[in-house]
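> Pasting a structure below so you can have a look.
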Amino acid sequence: FPELDLPTRCVSLKPLNISVTKLETAMRLSTPAIIGRIVDDCYIMDPRTILVGQEAIIASTLVNIVK
């Protein structure tokens, strides 16, 4: 149901040292690929798409990209 709205709370990131577009690209090209979207110049991740245990992978990928 592509038009069905499901309630959620998202994580919004606005990096200081790279553009949000570069962050999105780097996350998508990482292994494993981490998929988010750009809204109002922020990188958005929906926790409904993150499995238990993947938080550490996402955090370390973010650290490596923005360092």
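The values are calculated or read from the model by the stated rules, or taken from the named source; none is laboratory data. Keep in mind that this is a model prediction, so the values were computed, not measured. Neighbour counts are summed over all protein chains in view; Cβ atoms, including those assigned to glycine, are modelled from backbone coordinates with ideal geometry. Accessible surface is based on the protein model in full, side chains and every heavy atom, while ligands, DNA and RNA are left aside. Shrake-Rupley method; radii C 1.70, N 1.55, O 1.52, S 1.80 Å.
> Can you pull out every residue in the range 20-49 that is under 9 Å from the mean Cα position of the chain (by Cα) and among the small types (Gly, Ala, Ser)?
Gly36
> If we keep just the residues of the range 37-46 that are touching a helix residue (DSSP H, G or I) at 6+ places or on another chain (Cβ under 9 Å) and open to solvent by 20 Å² or more (accessible area, probe 1.4 Å), which is nearest to Ser12 (Cα to Cα)?
Cys42
> So Ile34 fits all but one of (1) open to solvent by 100 Å² or more (accessible area, probe 1.4 Å); (2) aliphatic (A, V, I, L, M); (3) closer than 18 Å to Lys67 by Cα; what number is the exception?
(1)
> For Glu24, all conditions in the list (1) open to solvent by 60 Å² or more (accessible area, probe 1.4 Å); (2) charged (D, E, K, R); (3) in contact with a Phe, Trp or Tyr (Cβ under 9 Å, 6 or more places away or on another chain) hold save one; what is the number of the exception?
Status for Glu24: all satisfied but (1).
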